[in-house]
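What follows is a short report on a single structure.
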């Protein structure tokens, strides 16, 4: 589906439900990460034992999607660690859906019952703080 149509649809959902865009993104992300994606991308979930593993696999997942689906243009990611628990994920996409990506990252934490602190740093980066391991 064309990105402009998706954005228009999100606007219509917000208007009809009186929910903010963030609330709509959060609800969609919870469904996507907890219900839809585990069925469709089962192998990636089975390879990931925690939120950190799944998030760090996103570039590999999207490389494979791009190779297997004609005309697919999923976002691409890069990673840098500020410290042992703070990951900066670069988001590279012409779609400009970084706010959806923030919601998806939070949903990954929820799926693995890991309280992540997810912050949008810019239109191309988010910061994810993982809890300290004991």
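Odds and ends about this structure:
- Helix axis angle, 3-17 relative to the chain longest principal axis, alpha carbon, degrees: 80 degrees
- Principal-axis analysis of the Cα atoms of the chain puts helix 98-111 at an angle of about 50° to the longest axis.
- Max mean-square fluctuation residue, GNM over the chain, Cα-Cα springs under 10 Å, options 67, 51, 105: 67
- Ascending count of other beta-carbon atoms within 10 Å, so fewest first, for 43, 102, 61, 108: 43, 61, 102, 108
- A helix-only calculation puts the chain at -14500 deg cm²/dmol for mean residue ellipticity at 222 nm, using -39500 (n - 2.57) for each DSSP H run of at least four residues, averaged over all residues.
- Taking Cα atoms only, the orientation of helix 58-68 departs from the longest principal axis of the chain by about 50 degrees.
- Amide N proximity, segment 9-40 versus residue 71 label position 7 Å along Cα-to-Cβ, cut-off under 20 Å: 9
- Listed from fewest to most Cβ neighbours within 10 Å, the set 39, 52, 76 follows the order 39, 76, 52.
- Distance between modelled label sites at residue 53 and residue 123, nm, 7 Å Cα→Cβ extension: 3.6 nm
- Against the empirical 2.2 N^0.38 Å (N residues), the chain has a Cα radius of gyration ratio of 1.05.
- Between residue 17 and residue 81, the FRET efficiency estimated from the beta carbon spacing at R0 = 30 angstrom works out to 0.20.
- Translational diffusion coefficient (Stokes-Einstein; Kirkwood radius from C-alpha pairs) of segment 1-53 at 25 °C, 0.890 mPa s, in µm²/s: 192 µm²/s
Values quoted throughout were computed directly from the atomic coordinates according to the rules given, and no laboratory measurement underlies them. Just so you know, these numbers come straight off a predicted model, no measurement behind them. Reconstructed Cβ throughout: ideal geometry from the backbone, glycine too, with neighbour counts over all protein chains shown.
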